[in-house]
Amino acid sequence: MKFFLDTANIDEIREGASLGIVDGITTNPSLISKEGRDLEDIAREICDIVNGPISLEVVSTVSEEMIEEGRRLSKIHKNVVVKIPMIREGLKALHVLSQEGIRVNVTLIFSASQALLAAKNGAAIVSPFVGRLDDISLNGLDLVSDILTIYENYDYDTEVLVASIRHPLHVLEAATMGAHIATMPIKVLNQLLKHPLTNIGLQQFLADWENQKKLESTE
Ligand code: G3P
C-alpha cells in the first residue's frame with residue numbers, strides 16, 4: 001500500500017518524509033489556503049522533498065477552464081497529478097486531460113457510480129472520502145470495497161486512493177481490502193507506528209541493561 005500525506009504544510013511533509021515511508025502528497029484548496037502561500041511555490045517545494053505523485057487541485061468549475069488549469073498545473077513538475085472534482089464539468093475535463101496523457105486524480109468521490117465513470121474516462125486515481133461518509137452515518141469503507149470490486153471486474157488500472165482518513169483503523173481496513181493508496185494527516189501516520197507495549201517493553205529492556213551494568217561495575 002502506498003502512503004501519501006494529506007497536507008500542504010512543509011514542516012509536516014519534512015517530518016513524514018524523514019520516516020522514509022511517504023510515497024506522495026495530496027493537497028486540496030482548503031489545505032493550500034491554510035498555508036497562506038502561492039500554490040506554485042508550495043508545489044515546487046513539495047516536489048523537492050517528496051519524489052512521488054503530488055496532487056494539485058483545480059478551482060475552476062467549467063470544463064474548458066478546468067482543462068486549462070489542469071494543463072498549467074501539470075507543467076509545474078513531472079510528478080504533479082491534477083486533481084479534478086467529480087462533477088459533470090469535471091468528467092468532461094477528465095476525458096480531455098487523460099487523452100493528453102495528463103494524470104488525473106478524481107476527487108470528492110462519494111459513490112461507486114462516480115468512481116465507475118471516472119475510471120471509464122481514464123482517471124489515474126480516484127479519491128473516495130471515507131471520513132466524510134462516516135460523518136453522515138454511512139460506511140465509507142464499504143464504498144472503497146465496492147469500487148475495488150468494480151475495478152477488478154473490468155480490469156481498470158485506476159488506483160483507489162482512500163481519502164478523508166481520520167484514524168489508523170481506516171488505513172488498516174483499507175489495506176485489508178487491497179486499496180492502492182491511503183492519504184492521511186501526519187497525526188494518523190504517527191498513530192500508526194505507536195504502541196504502548198512497545199514503549200513499556202523498551203523501558204524494561206533499558207532498565208535491565210543499566211542495572212546489569214551497575215552490578216558489573218561494583219563487582
Ligand atoms: O484528501 C481529502 C481530505 O483532505 C479530506 O479530509 O478530513 O477534510 O474530510 P477531511
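The values are calculated or read from the model by the stated rules, or taken from the named source; none is laboratory data. Keep in mind the model is a prediction, meaning the values are calculated, not measured. A quick note on method: Cβ atoms are made from the backbone with ideal geometry, for glycine too, and the neighbour counts reach across all protein chains shown.
Structure notes:
- Check on ALA118, buried (at least 20 other Cβ atoms within 10 Å of the Cβ), within 16 Å of the ligand (Cβ to nearest atom) and part of a helix (DSSP H, G or I): yes
- Sole exception among (1) at pLDDT below 95; (2) within 15 Å of the chain's Cα centre (by Cα) for VAL171, by number: (1)
- Residue match in the stretch 175-188 (condition: within 16 Å of the ligand (Cβ to nearest atom), assigned to a helix (DSSP H, G or I), more than 15 Å from VAL106 (Cα to Cα) and not basic (Lys, Arg)): yes
- Filter pass, LYS83 being crowded, with 21+ Cβ neighbours inside 10 Å and of a type in the set (D, E, K, R): yes
- Residue that is farthest from ARG103 (Cα to Cα) [pool: residues in the stretch 26-62 that are buried (at least 20 other Cβ atoms within 10 Å of the Cβ) and hydroxyl-bearing (Ser, Thr, Tyr)]: THR27
- A single member of GLY140, GLY201 is surrounded by 10 or more Cβ atoms within 10 Å (Cβ to Cβ), closer than 24 Å to SER55 by Cα and of a type outside the set (A, V, I, L, M), and it is GLY140.
- Restricting attention to the stretch 146-167, the residues that are assigned to a helix (DSSP H, G or I) and surrounded by 18 or more Cβ atoms within 10 Å (Cβ to Cβ) total 3.
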